[in-house]
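The values are calculated or read from the model by the stated rules, or taken from the named source; none is laboratory data. None of the values given here were measured: they were computed from a predicted structure. Positions of Cβ are backbone-derived with ideal geometry, glycine not excepted, and every protein chain shown enters the neighbour counts.
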Amino acid sequence: MGAAPCRGLSARDERIVDLLRRLVRINTEHADPEPGAPYGRGCAEALDLVMRECEALGFETRRVDERVAWAQVGSTGPLAAFPVHLDVVPAGEGWDHDPYAADVLDGVLYGRGCMDNKVGAAVLVVLLAEHAARDLPCRLRVIFGTDEETGMSDLRKYVDAGEEMPTMGFVPDASFPVVRGEKARLHLRLSRAVEDDGLVLRGGSMANMVPAEARATLPDGREVSERGRSAHGSTPERGESAIRPLVARLVESGMDPDGALGEVARLLCADLTGAALGIDEPDEVFGHTSMNLGTIELASGRLTAELDVRFGCAITPGEVVGRVRRSLGGAWEVEVIQEKPLHLVPEDDPCVRVLLSAYERVTGERGDCSVMAGGTYASYLPALVAFGPKLPGAHSGAHGVNEHVSLEDVARAADIYSEAIRGIIGLAASRED
């Protein structure tokens with residue numbers, strides 16, 4: 001579809017785009033586990049692909065329980081790591097392009113995961129291959145995960161297995177220039193018993209996605225539905241929840257078993273900061289709490305909802321859970337499904353300065369640090385920060401429909417990463433002196 005995908009690109013960038021398209025064509029949405037494929041066959045296939053690629057390029061490689069793997073060049077010195085993830089959120093409906101065809105049209109590649117986060121994997125493999133035969137003062141390691149989108153059990157496995165922790169590097173899974181901090185995150189499941197009056201309600205697919213679809217089957221058999229606009233759960237203000245208007249319609253129509261949906265409307269749908277639950281505690285670094293009601297299900301006398309809550313320094317995970325329990329009351333059960341710690345690296349960290357300098361040299365723009373509500377593998381690797389690949393002003397549609405990346409932006413990100421890797425090698429060499 002469209003023009004030749006690599007027209008006008010350098011040989012290096014053609015290799016990057018070729019690997020990226022091969023990865024995008026593998027559906028790495030999580031699926032039922034199989035032997036050797038704990039997150040489904042697609043994730044295992046993508047992991048096999050990158051490991052074969054790296055082995056052919058001369059990398060040293062290692063797998064950790066088939067959940068995460070790494071490939072590195074260099075054999076001595078400090079470890080610099082670049083974690084990427086191969087799994088993706090569900091594509092959902094409403095695409096103008098097949099989400100797993102990796103079509104290129106007018107210099108833009110479309111596909112689920114092309115930006116989040118398979119472009120990072122493709123770029124780092126190709127760039128590190130350029131250093132495979134060199135005498136390096138450090139080791140450069142790409143870490144490939146397959147469970148980033150649903151809890152990061154892969155990276156936790158890497159840490160728990162005693163794999164070496166990096167002292168330098170970056171996570172190419174956010175935006176430029178440098179994201180030095182990430183909010184803490186709680187994935188909560190809320191549930192309670194209700195009268196079974198025949199009402200069935202379902203909405204959303206994941207806690208960390210703004211729900212684009214919600215539908216209900218009424219006791220008389222009629223169906224009603226709402227559509228919204230998907231977005232990443234860390235930035236719910238960028239989407240439109242389909243759950244919120246459908247719950248409001250049901251409550252207004254008097255279909256509210258035991259008043260539970262009224263509680264959902266009042267406490268979970270009223271705002272995007274958790275203010276109604278008493279968990280919005282802004283601070284000077286991270287700002288307000290963000291809250292996304294990602295899924296809801298009412299069936300057979302049970303109502304269940306899943307929240308994605310992200311917060312800064314002014315409130316603890318225990319306080320969040322306690323306040324949610326008190327606000328909802330005793331009829332509700334509150335279960336912590338996943339928890340991710342707060343992450344913050346000092347602005348004067350030497351590797352941060354190297355990354356900012358690389359960004360400035362390539363783009364000619366001033367580089368500075370920011371923080372975000374989104375979470376990356378950096379949360380489990382304290383020395384690392386998030387760095388690209390999204391360029392300022394670019395739109396990618398990650399976690400939404402028609403996710404895409406321009407080939408020009410891929411090449412520009414690769415230029416920045418190449419300069420950053422040279423800077424990290426220089427930093428490692430200076431520590432040897």
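Restricting segment 215-237 to residues that are buried (at least 20 other Cβ atoms within 10 Å of the Cβ) and part of a strand (DSSP E or B), which is nearest to the chain's Cα centre (by Cα)?
That would be H232.
Just to be sure I understand, how many residues within segment 288-316 are more than 16 Å from G233 (Cβ to Cβ) and part of a strand (DSSP E or B)?
Restricting attention to segment 288-316, the residues satisfying the condition of being more than 16 Å from G233 (Cβ to Cβ) are 297-304, 312-316.
From the residues that got through so far, the ones that are part of a strand (DSSP E or B) too are 297-299, 302-304.
Qualifying residue count, segment 288-316: 6.
Among the residues of segment 186-214, write down those that are among the β-branched types (V, I, T) and crowded, with 16+ Cβ neighbours inside 10 Å.
Answer for segment 186-214, where residues must be among the β-branched types (V, I, T) and crowded, with 16+ Cβ neighbours inside 10 Å: V194, V210.
Residue-wise test of (1) out of contact with any Lys or Arg (no Cβ under 7 Å at 6 or more places or on another chain); (2) under 14 Å from S396 (Cβ atoms); (3) modelled with pLDDT of 95 or more; (4) among the aromatic types (F, W, Y).
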{"position": "G74", "(1), (2), (3), (4)": "no, no, yes, no"}
{"position": "A81", "(1), (2), (3), (4)": "no, no, yes, no"}
{"position": "D96", "(1), (2), (3), (4)": "yes, no, yes, no"}
{"position": "D106", "(1), (2), (3), (4)": "yes, no, yes, no"}
{"position": "G113", "(1), (2), (3), (4)": "yes, yes, yes, no"}
{"position": "N117", "(1), (2), (3), (4)": "yes, yes, yes, no"}
{"position": "G120", "(1), (2), (3), (4)": "yes, yes, yes, no"}
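Name every residue in segment 243-276 that is part of a helix (DSSP H, G or I), of a type outside the set (A, V, I, L, M) and closer than 23 Å to G330 by Cβ, in order of residue number.
Across segment 243-276, the qualifying residues are P257, D258, G259, G262, E263, R266.
Scan A429, A413, A331 and give me the residue that is touching a residue at least 60 places away in the same chain (Cβ under 8 Å), outside any strand (DSSP E or B) and either touching a helix residue (DSSP H, G or I) at 6+ places or on another chain (Cβ under 6 Å) or within 22 Å of V125 (Cβ to Cβ) (or both).
A413
Quick check on segment 107-121: of everything there that is in a helix (DSSP H, G or I) and within 19 Å of R15 (Cβ to Cβ), which residue is nearest to the chain's Cα centre (by Cα)?
Checking each candidate, the answer is N117.
Go through segment 384-395 and count every residue that is crowded, with 18+ Cβ neighbours inside 10 Å and either out of contact with any helix residue (DSSP H, G or I) (no Cβ under 7 Å at 6 or more places or on another chain) or closer than 19 Å to P83 by Cβ (or both).
Qualifying residue count for the region: 7.
Of the residues A71, A91, A44, which single one is outside any strand (DSSP E or B) and in contact with a Phe, Trp or Tyr (Cβ under 9 Å, 6 or more places away or on another chain)?
None of the other options fit; the residue is A91.
Yes/no matrix, rows are residues, columns are (1) at pLDDT 95 or above; (2) outside the structural domain of P257 (by TED's automatic domain parsing):
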residue: R134; (1), (2): no, yes
residue: D160; (1), (2): yes, yes
residue: F170; (1), (2): yes, yes
residue: S205; (1), (2): no, no
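Applying the selection to segment 91-120, what residues are touching a His at 6+ places or on another chain (Cβ under 8 Å) and hydrophobic (A, V, I, L, M, F, W, C)?
L105, V108, L109, C114, M115
Would a scan of segment 315-335 turn up a residue that is among the charged types (D, E, K, R), closer than 28 Å to E213 by Cβ and surrounded by 16 or more Cβ atoms within 10 Å (Cβ to Cβ)?
no
Is one or more of the residues making up segment 292-313 within 29 Å of L155 (Cα to Cα), without any contact (Cβ under 8 Å) to a residue 24 or more places away in the chain and charged (D, E, K, R)?
no
Counting only residues that are outside any loop (DSSP other than H, G, I, E, B), under 30 Å from R222 (Cβ atoms) and not hydrophobic (A, V, I, L, M, F, W, C), how many does segment 160-199 have?
Residues of segment 160-199 that are outside any loop (DSSP other than H, G, I, E, B), as a first pass: 160, 168-171, 174-175, 178-182, 184-193.
Filter once more, keeping what is under 30 Å from R222 (Cβ atoms): 189-193.
When the remaining residues are screened for being not hydrophobic (A, V, I, L, M, F, W, C), the result is 189, 191-192.
Residues flagged as outside any loop (DSSP other than H, G, I, E, B), under 30 Å from R222 (Cβ atoms) and not hydrophobic (A, V, I, L, M, F, W, C) within segment 160-199 amount to 3.
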